[in-house]
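Asker: My questions all concern the structure below.
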Amino acid sequence: MLNFDIQNHRPLREIVYEELKLQILTGKIAPGTRMMEVELAEDMGVSRTPIREAIRKLEKEGLVTIEPRRGAYASQISTEDMVEILEVRQNMEGMAAFIAATRMKPEQLKTIEEAEAAYNQAVDKGDTADMIFYDSKFHKLIVEASNNKTLLQLIEPLQEMALRFRYLYYDDFKRAENMPHEHQIIIDAIAQGDAEAAKEAADTHIKKLKELVMTEGV
């Protein structure tokens, strides 16, 4: 059940939507799971109306599939889907790194370095949940450091879809130990204001991940 004492200053429909979205992204609601309004409403302690509104919104985002006369299901996500996402992310995150190298504020660099340090600790500990969290945060912070609102709005849905794939299949991939080095190359290029090097490093990083997904599959 949702904690309304903490979140009661926000519209109920937003709370329900964000909770359902989080459950889908993290795999708590697995791909193909039927999303029954009555059961979800009972679990969250709300009426069916905000559940229905959330499901419709999630359908527009591609996280839910609604089939006529059958109901709503958490959308499937495949290796092919992830490859397509990474193809787009490769170009967009390369652009974000390029722009960040020329626009990033000092405090943004510090935040990125802190996220990377936390990611490195997670890798050392073998903490998969933290690896996923801080890797996703690292990439999001670089896009934010571009200080380009349009770019952030365009890439955020792609990063969320990639996050879902990580939660579902991350244990199948064995290159986490290589990522700290690749991340550091991106950070160094951005910190030095070398836009071309930052773009190339970000491109290479996503390209390697795409190749791994294609090789390993799910």
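The values are calculated or read from the model by the stated rules, or taken from the named source; none is laboratory data. All values reported here derive from a predicted model rather than from experimental measurement. Positions of Cβ are generated from backbone atoms using ideal geometry, with glycine treated the same way; all protein chains shown enter the neighbour counts.
Table: residues versus (1) assigned to a helix (DSSP H, G or I); (2) in contact with an Asp or Glu (Cβ under 8 Å, 6 or more places away or on another chain); (3) assigned by TED's automatic domain parsing to the domain that holds R103; (4) farther than 26 Å from L20 by Cβ.
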{"site": "A117", "(1), (2), (3), (4)": "yes, no, yes, yes"}
{"site": "N120", "(1), (2), (3), (4)": "yes, no, yes, yes"}
{"site": "H139", "(1), (2), (3), (4)": "yes, yes, yes, no"}
{"site": "I186", "(1), (2), (3), (4)": "yes, no, yes, yes"}
{"site": "E196", "(1), (2), (3), (4)": "yes, no, yes, yes"}
{"site": "K208", "(1), (2), (3), (4)": "yes, yes, yes, yes"}
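Residues are listed down the side, and each one gets a yes or a no for (1) in contact with a helix residue (DSSP H, G or I) (Cβ under 8 Å, 6 or more places away or on another chain); (2) of a type in the set (A, V, I, L, M); (3) modelled with pLDDT under 95:
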| residue | (1), (2), (3) |
| --- | --- |
| E67 | no, no, yes |
| Q108 | yes, no, no |
| T111 | yes, no, no |
| A118 | yes, yes, no |
| Q121 | yes, no, yes |
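Asker: Would you mention how many residues in segment 26-38 are among the charged types (D, E, K, R) and at pLDDT below 95?
Answerer: Residues that pass the stated criteria total 2.
Asker: State the number of residues belonging to segment 50-69 that are touching a Phe, Trp or Tyr at 6+ places or on another chain (Cβ under 9 Å), surrounded by 13 or more Cβ atoms within 10 Å (Cβ to Cβ) and outside any helix (DSSP H, G or I).
Answerer: Summing the residues that are touching a Phe, Trp or Tyr at 6+ places or on another chain (Cβ under 9 Å), surrounded by 13 or more Cβ atoms within 10 Å (Cβ to Cβ) and outside any helix (DSSP H, G or I) in segment 50-69 gives 3.
Asker: Cβ-Cβ below 7 Å, separation at least six or inter-chain, first residue in segment 31-54 and farther than 17 Å from L12 by Cα, second of a type in the set (F, W, Y) and at pLDDT 95 or above: which pairs?
Answerer: Close Cβ pairs (under 7 Å, with a partner that is of a type in the set (F, W, Y) and at pLDDT 95 or above) amount to G32/Y73; T33/Y73; R34/Y73; M35/Y73.
Asker: Shifting gears a bit: List the number of the failed condition for E37; all other conditions in (1) in the same structural domain as E196 (by TED's automatic domain parsing); (2) more than 30 Å from T215 (Cβ to Cβ); (3) touching a helix residue (DSSP H, G or I) at 6+ places or on another chain (Cβ under 7 Å); (4) of a type in the set (D, E) hold.
Answerer: Of (1) in the same structural domain as E196 (by TED's automatic domain parsing); (2) more than 30 Å from T215 (Cβ to Cβ); (3) touching a helix residue (DSSP H, G or I) at 6+ places or on another chain (Cβ under 7 Å); (4) of a type in the set (D, E), only one is false for E37: (1).
Asker: Which of the residues spanning segment 93-108 are in a helix (DSSP H, G or I) and crowded, with 17+ Cβ neighbours inside 10 Å?
Answerer: Listed by number, the residues that qualify are E93, G94, M95, A96, A97, F98, I99, A100, A101, Q108.
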